[in-house]
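The values are calculated or read from the model by the stated rules, or taken from the named source; none is laboratory data. Predicted model, so just to flag it, every value in this text is computed and none were measured. With ideal geometry, Cβ positions are generated from the backbone for all residues, glycine too; neighbour counts draw on all protein chains shown. Heavy atoms of the whole protein, side chains included, go into the accessibility calculation; ligands, DNA and RNA do not. Shrake-Rupley method; radii C 1.70, N 1.55, O 1.52, S 1.80 Å.
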Amino acid sequence: MRQQTVETADGGHLRVFSFGDGPGVVLVCGTNTVAPTYFRTARRLSKGLSVHVYDRRGRPGSSLQPEDYSLHTEVADLGRVMEATGSSMVFGHSYGGAVALEAGLQPSVRRIAVYDAVPNIGGAVPTRFLPEFESAVQRGDVHRAVSILGKGISAKLSNSPLPDPVFHAMVRILAISTRKGRAWKSTVHSAVNELALLDAHRPPAERYAGISVPVLVLYGSDSDVFYAVIAQALSAQLLHGRCTAVAGADHGALDRAPGGLISQLSDFLADGS
């Protein structure tokens with residue numbers, strides 16, 4: 001693994017981790033996650049590729065989100081990372097998928113893959129929990145905020161038979177025992193702005209008809225239904241899009257890098273190298 005710092009257009013900085021050698025692909029992480037969450041996936045994809053994972057704004061090692069934060073900020077930052085690493089392919093997860101698709105409207109991107117991407121097409125992404133989530137973040141109650149986020153965005157978690165106190169206790173354990181959980185204290189603040197942006201920005205699927213490069217649209221068969229709804233609406237508008245469900249995979253599959261997901265990504269990205 002190699003590490004570098006990339007300067008942004010507005011004078012900020014982004015921490016970038018790189019794996020492997022070959023044609024470059026930049027991996028754009030999701031909301032409330034950090035780059036190390038994706039190291040297993042990056043390593044498995046890096047056979048014949050250079051895979052570059054960066055901490056987006058508001059994460060340890062990178063600058064805070066600016067006051068005028070927007071999708072333009074994210075696309076400009078991604079462009080800087082692509083330029084610094086010599087990459088022309090992008091893979092985005094969740095919110096990172098929305099960033100990747102916006103970047104796909106720019107000529108510098110040659111191939112795009114997304115998994116459980118959340119461009120908020122037709123308002124499909126649940127956001128009604130946002131005021132309660134923001135309030136918990138402002139109070140500094142990180143564990144409560146993550147519990148609200150998890151149950152607010154996932155019907156599967158919301159419908160879980162676990163009582164709220166038990167679910168909250170599980171979140172506290174994860175916050176102590178996992179690298180991803182320990183980062184929540186830093187990432188929940190940026191998550192507020194990212195979710196607010198999704199809530200305010202509800203593009204029609206036709207917006208992405210202008211993407212002229214090949215796009216692989218993946219979603220987990222075990223992820224919440226709205227990811228499939230977005231994926232299918234999106235792929236119907238793409239000139240060179242392909243939509244596939246990853247059997248047995250849920251929204252957190254990239255933490256584990258299952259073979260079925262990695263093989264589809266590897267084949268698609270290899271075709272662009």
Out of Q65, A42, G24, whose Cα points farthest toward the positive end of the dipole of region 1-84 (charges: +1 Lys, Arg; -1 Asp, Glu; placed on Cβ)?
A42
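In deg cm²/dmol and to the nearest 500, what is the mean residue ellipticity at 222 nm of the chain if only DSSP H runs of at least 4 residues count, each as -39500 (n - 2.57), divided by the residue total?
Values: 12 runs with 120 residues, N = 273.
After summing the helix terms and dividing by residue count, I get -13000 deg cm²/dmol.
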Could you give each residue of region 200-209 its phi-based ³J(HN,Hα) in whole Hz, using Karplus coefficients 6.51, -1.76, 1.60 with θ = phi - 60°, and x for Gly or Pro?
7, 10, 10, x, x, 4, 4, 4, 8, 5
So if I place +1 on the C-beta of Lys and Arg and -1 on the C-beta of Asp and Glu, and nothing else carries charge, what would the dipole magnitude of region 31-181 be about its Cα centre? I want it in debye, nearest 20.
720
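In debye to the nearest 20, how big a dipole does region 151-273 give about its Cα centre with +1 on each Lys and Arg Cβ and -1 on each Asp and Glu Cβ?
On the way: 11 positive and 10 negative charges, 90 e Å.
Dipole size: approximately 440 debye.
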Could you identify which residue out of S190, S108, S223 has the top mean-square fluctuation in a GNM of the chain using Cα springs shorter than 10 Å?
S108
Rounded to the nearest 20 debye, what is the charge dipole size of region 130-176 about its Cα centre when +1 sits on each Lys and Arg Cβ and -1 on each Asp and Glu Cβ?
120
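By accessible area of protein heavy atoms, probe 1.4 Å, what ranking do D224, D271, D199 get, highest first?
Details: D224 20, D271 115, D199 55 Å².
Of D224, D271, D199, the descending order of accessible area is D271, D199, D224.
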Mean projected area in nm² (Cα convex hull; one quarter of hull surface) for the chain:
13.0
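What's the local net charge at Y219, with K and R +1, D and E -1, over the other residues with C-beta under 13 Å away? Working shown, then result.
On the way: positive: R242; negative: D116, D222, D224, D250.
In short, -3.
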Largest-first principal axis extents, alpha carbons of region 94-156, Å
42, 23, 17
Among N159, N120, N193, determine the one that fluctuates most according to a GNM of the chain built with springs between C-alpha atoms less than 10 Å apart.
N159
With just the Cα atoms defining each centre, how far is region 105-152 from region 204-273? Give it in Å.
18
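When ligands, DNA and RNA are left out and all protein chains stay put, how many square angstrom of accessible area per residue does region 168-234 have with a 1.4 Å probe?
Values: 3100 Å² over 67 residues.
In whole numbers, region 168-234 has 46 Å² accessible per residue.
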Could you work out, for region 72-205, what percent of all Cα-Cα pairs fall into each 10 Å distance bin, beginning at 0 Å and stopping at the bin that holds the largest distance?
11, 35, 33, 17, 3
